[in-house]
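Each reported figure results from applying straightforward, stated rules to the coordinates on display, with no laboratory input. Computed from a predicted model, the values in this text were never measured in an experiment. Counting neighbours? That spans all protein chains shown, and the Cβs are built from the backbone with ideal geometry, glycine included.
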Amino acid sequence: MPADCLFCRIAAGELPAHKVYEDDAILAFLDLHPIREGHALVIPKDHHIWFEDLPEALATRVTSCAQAIARGMKRIYGVERVSMFYTGIHVPHAHAHVVPMHHIHDVTSLEYLKDGPEKFSAPPQLPPERMARIASELGETLS
Ligand SMILES: [Zn+2]
């Protein structure tokens, strides 16, 4: 584990956190700067920088934990939806954000905000031939 990794230190118990869940491989704790009350982070205890590099079984455990937290958030906060996302921003140790969605733009993009915070704007569509090329290029990276 890198000695200077904040989340490795939290996972090792060297730094405090408001823990929500913990087992041998996974830790969930509250984000120190919550978008909404309950905003949690789910991390693998092992150090991996990017979510796409997580072993599949570990990624599944992070997702399963986030699902359980989401079901709890729906009960506690009465929200219709909970968002889960990886951004790779701030701490270079893969972490999934889990946020109860009280507003459509609690987790959003400038593209979706173009017509103001009460609207959910649809970004422009791309020409079909370009979409086909993009799908083909991405698909080729999977084979
Ligand atoms: Zn780490």
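At-a-glance table
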item	result
Residue-count net charge about Val79 - beta-carbon cut-off 10 Å; Lys, Arg +1, Asp, Glu -1	+2
Charge context of Pro123, other residues only, Cβ under 14 angstrom, K/R +1, D/E -1	+1
Residue order, fewest to most surrounding Cβ atoms within 10 angstrom, among Asp31, Asp53, Asp46	Asp53, Asp46, Asp31
Net +/- balance of residues flanking Cys5 in space, Cβ distance below 13 Å, scoring K and R +1, D and E -1	-1
Only Lys, Arg (+1) and Asp, Glu (-1) charged, at Cβ; the range 6-107 dipole about Cα centre in debye	360
Likely footprinting exposure, Thr60, Thr141, fewest C-beta neighbours within 10 Å first	Thr141, Thr60
MRE, 222 nm, helices only [DSSP H, n ≥ 4, -39500 (n - 2.57), over the chain, to nearest 500]	-9500 deg cm²/dmol
Cα coordinate range in the chain, projected on the principal axes (Å, largest first)	52, 40, 26
Degrees, to the nearest 10: 128-142 long Cα axis against longest axis of the chain	30
Within a Gaussian network of the chain (alpha carbon springs, distance under 10 Å), most fluctuating of Glu129, Glu56, Glu111	Glu129
Residue among Phe29, Phe120, Phe85 with the largest mean-square fluctuation in a Gaussian network model of the chain, springs linking Cα atoms under 10 Å	Phe120
Per principal axis, descending, Cα span of the range 10-62 in whole Å	30, 24, 17
Relative contact order of the chain, defined on C-alpha pairs under 8 angstrom at six or more residues apart (%)	19
Stretch gain in nm, segment Ser136-Glu14, where the contour uses 0.36 nm per residue and the Cα spacing is subtracted	39.3 nm
Free-standing Cys, the chain [no other Cys Cβ under 4.7 Å]	Cys65
